[in-house]
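Engineer: Sharing a structure below in structure tokens format, with a few things to ask.
The values are calculated or read from the model by the stated rules, or taken from the named source; none is laboratory data. What you see is a predicted model; the values in this text were computed from it and never measured. Glycine also receives a Cβ, built like all others from the backbone with ideal geometry; neighbour counts cover every protein chain displayed. The accessibility values were calculated without ligands, DNA or RNA, using every heavy atom of the protein model including side chains. Shrake-Rupley method; radii C 1.70, N 1.55, O 1.52, S 1.80 Å.
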Amino acid sequence: MFGSWGRRHRDLDYESLRREMVEHQIRRRGIHDERVLAAMREVPRHLFVPVARQSAAYGDHALPIGFGQTISQPFIVALMTTALRPEPGLRALEVGAGSGYQAAVLAACGLEVFTVERIPELYDMARFNLRETGYLDRVQVALGDGSRGFAHAAPFDRILVAAAAHRVPADLWDQLPVGGILVAPVGGTFMQTIYRYTKAEEGGIESEALEGARFVPLVTDE
């Protein structure tokens, strides 16, 4: 189905590359959540990128996955996952499935994951990759406008927005309960800041700036 995707470059020791990625790119930069580190060591990142990019899958950078979208830099994936304070059994919504990698990492942390992708080809790709790597039974993938969330499955304990917006879409706040955490890159077109938001009593929102980043824009049906 996806001629540019699949298992290739078998001469490379991807397990060793994952271990090196975790130790050199993630742990050394201050990520110490053992659940997240274990998930990053477990999920085969190279199977979530096109074959031509697999040998570069564990580099310290984002990679294009087609249709103007990217798979985020490993450190950013680990940072945003850690910021969610993942715990097994929590329900998580991801806005922007892409190739399915971030959803797989969340599932490997023990979360029940719902992810929404607007681009039909990437929706198919995410399902294919998650099925091939064994995570599809823990991830529900939907096709649609992720800025509207996933109302019929709400509320969600955690929400991760994997694309940049000038502000967090209002529908996402409605699907986050009191005490829930939302992590998103917010800012202008070229640079954003990753924020962790916690929903407080009476609709209040507490925010914490975490890291500068550059994400592709959040595209909505509007």
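Engineer: Take peptides 173-183, 67-77 and line them up by average Cβ neighbours within 10 Å, highest first, as a rough protection proxy.
Structural biologist: Working: 173-183: 17.5, 67-77: 19.9.
Descending mean neighbour count gives 67-77, 173-183.
Engineer: Does segment 13-64 come out rounded, prolate or oblate by the C-alpha gyration tensor, with a ≥ b ≥ c the root eigenvalues, rounded set by a/c under 1.5 and, if not, prolate when a/b is larger than b/c and oblate if not?
Structural biologist: On the way: a/c = 2.11, a/b = 1.76, b/c = 1.20.
It comes out prolate by the Cα gyration axes.
Engineer: What relative contact order, as a whole-number percentage, does the chain give when Cα pairs under 8 Å and 6 or more residues apart are counted?
Structural biologist: Numbers: 462 pairs, mean separation 32.0, N = 222.
Here the relative contact order equals 14 percent.
Engineer: How far is helix 74-83 tilted off the main Cα axis of the chain, in degrees rounded to 10, range 0 to 90?
Structural biologist: 30
Engineer: If every alpha-carbon in the chain counts as one equal scatterer, what log10 I(q)/I(0) does Debye give at q = 0.08, 0.09, 0.10, 0.13 1/Å?
Structural biologist: -0.25, -0.32, -0.39, -0.68
Engineer: Then there's this: Looking at the chain, what % of its DSSP beta bridges pair antiparallel, to the nearest 5?
Structural biologist: Values: 18 of 37 bridges.
Counting DSSP beta bridges with both partners in the chain, the antiparallel share is about 50 percent.
Engineer: Tell me whether segment 60-120 comes out rounded, prolate or oblate; compute the Cα gyration tensor, take square roots of the eigenvalues as a ≥ b ≥ c, and use a/c under 1.5 as the rounded threshold.
Structural biologist: On the way: a/c = 2.71, a/b = 1.38, b/c = 1.96.
Cα axes put segment 60-120 in the oblate bin.
Engineer: Could you let me know the centre-to-centre spacing of segment 41-60 and segment 96-126, using Cα atoms, in angstrom?
Structural biologist: About 15 Å separates the Cα centre of segment 41-60 from the one of segment 96-126.
Engineer: Among Thr115, Thr133, Thr198, whose mean-square fluctuation peaks in a Gaussian network model of the chain (Cα, cutoff 10 Å)?
Structural biologist: Comparing Thr115, Thr133, Thr198 in the GNM, the peak value goes to Thr133.
Engineer: Order Arg35, Arg45, Arg131, most accessible first, counting only protein heavy atoms with a 1.4 angstrom probe. Let's see the in-between values first.
Structural biologist: Numbers: Arg35 100, Arg45 0, Arg131 125 Å².
In descending accessible area the options line up as Arg131, Arg35, Arg45.
Engineer: Over the chain, give the accessible area per residue in Å² for a 1.4 Å probe, as an integer. It would help to have the intermediate numbers written out before the result.
Structural biologist: On the way: 10010 Å² over 222 residues.
Here the residues of the chain average 45 Å² of exposed surface.
Engineer: Here is a further query. What is segment 128-222 by shape, rounded, prolate or oblate, if you read a ≥ b ≥ c off the alpha carbon gyration tensor as root eigenvalues and call it rounded for a/c under 1.5, prolate for a/b larger than b/c, and oblate otherwise?
Structural biologist: Values: a/c = 1.65, a/b = 1.20, b/c = 1.37.
Judged from the Cα gyration tensor, segment 128-222 comes out oblate (a/c at least 1.5, b/c at or above a/b).
Engineer: So in segment 1-127, what percent of DSSP beta bridges are antiparallel if you round to the nearest 5? Walk me through the numbers before you get to the answer.
Structural biologist: Numbers: 3 of 8 bridges.
Among the beta bridges of segment 1-127, antiparallel pairing accounts for roughly 40 percent.
Engineer: OK, next. With a 1.4 Å probe and every protein chain kept in, tell me what percent of the accessible surface of the chain is carbon plus sulfur. Before the final figure, lay out the partial values.
Structural biologist: Details: 4780 of 10010 Å².
Result for the chain: 48 percent of the exposed heavy-atom area is carbon or sulfur.
Engineer: Residues in segment 138-156 near a label at Arg35, defined as backbone nitrogen under 17 Å from the 7 Å Cα→Cβ point?
Structural biologist: Flagged as within label range: 138-139, 156.
Engineer: Would you mind computing, in nm to one decimal, how far apart the modelled labels at Trp173 and Glu208 are, each placed 7 Å from Cα along Cα→Cβ?
Structural biologist: Here the modelled spin labels are 2.1 nm apart.
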